[in-house]
Amino acid sequence: MSTVTALPTAAAPLLPPPLLSVDGVTLRYTTPEHVVTATQRVDFQVHAGDRFVLLGPSGCGKSTLLKAVAGFLDPVEGEIRLDGRPIRRPGPERVMVFQEFDQLLPWKTVAQNIVFALTENGVARREATDKARHALDTVGLARFADVYPHMLSGGMKQRVAIARAMALEPRILLMDEPFAALDALTRRKMQEELLALWEDVGFTVLFVTHSIEEAIVVGSRILVLSPHPGRVRAELNAHHLDHAASGGEAFHALSRRIHRLLFGEPAAAPRRLAHG
Ligand code: ADP
């Protein structure tokens, strides 16, 4: 009898299975007047801890993809799986944050908004109250727990919406242009806060934007989609490129590459101020 000893093979990196897999997904709206194909055979995979961005021009199907991941829309072709299980309906393991400032219930205080979301999802009231306090602490809004949404700025409302989503401890946070309605300075601040929160808590986020700069700053991976109907043009790595890197060559090279993918031409070179 011979003994076969397994020799160590060249170590292939063992990638864990994806948290979310989108395989050959075509999404379509059927209205009495017409049929609109929003995305065509889109493939991508999101791993735990990714900041995965869907980037493309208006109307290319980014929000529709997010809606499908949230479970509001079924693919007409292909499949979307979370932890290997097909997504059939909405669930608290996939929580959405929208662009609109009216996501909060106006008749409930900031804390009550979060407690309500938690108790609706089966969390006991006492635990929900603790989690709400903790979530507000995390986004720096503990002092505003007892005020009503109309007393908050747009940025603060978005922070509450993020706190509420985080309190639900989703497997994946879905963000649909969450900062697009904010002024430029607040938008930048919110992007930085999201990154700081990600460093602290280490969540997974699927983030939709049509801004190249935002995609690079927020994303660790970027899926570039073609104009309507959305097809995958490329998946790019954007690790370590945040606002601090925005003046550097790596940031501009990636930005030019995305520009070419979207528009077939490089972006105009950034104008630099003359010094002395
Ligand atoms: P994006 O988020 O990239 O701007 P959307 O996902 O919102 O794009 O839309 C993709 C396409 O689907 C567009 O052509 C849009 O007009 C269409 N669409 C979006 N929502 C609906 C709807 N409820 N009914 C019919 N068509 C829709």
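Contact map, segment 60-79: first residue under 15 Å from Pro90 (Cβ atoms), second residue of a type in the set (Val, Ile, Thr) and assigned to a loop (DSSP other than H, G, I, E, B), Cβ cut-off under 8 Å, separation 6 or more or different chains; pairs are Ala68/Ile87; Val69/Ile87; Gly71/Ile87. Residues in segment 19-56 that are within 27 Å of Leu254 (Cβ to Cβ) and either open to solvent by 40 Å² or more (accessible area, probe 1.4 Å) or among the acidic types (Asp, Glu) (or both): Asp23, Gln40, Arg41, Asp43, Gln45, Ala48, Asp50.
Answer yes or no: is there a residue in segment 111-127 that is within 11 Å of the ligand (Cβ to nearest atom) and open to solvent by 60 Å² or more (accessible area, probe 1.4 Å). No, every residue in segment 111-127 fails to be within 11 Å of the ligand (Cβ to nearest atom) and open to solvent by 60 Å² or more (accessible area, probe 1.4 Å). Within segment 45-71, the set of residues being within 16 Å of the ligand (Cβ to nearest atom) and in contact with a helix residue (DSSP H, G or I) (Cβ under 9 Å, 6 or more places away or on another chain) comprises Val53, Leu54, Leu55, Gly56, Pro57. Considering the conditions (1) within 16 Å of the ligand (Cβ to nearest atom); (2) within 17 Å of Phe203 (Cα to Cα), Thr37 is excluded by exactly one of them, (2).
The values are calculated or read from the model by the stated rules, or taken from the named source; none is laboratory data. Since the model is a prediction, treat every value here as computed from it, not as a measurement. Using ideal geometry, Cβ is built from the backbone for each residue, glycine included, and neighbour counts are taken over all protein chains shown. Surface areas here come from the heavy atoms of the whole protein model, side chains and all, with no ligands, DNA or RNA. Shrake-Rupley method; radii C 1.70, N 1.55, O 1.52, S 1.80 Å.
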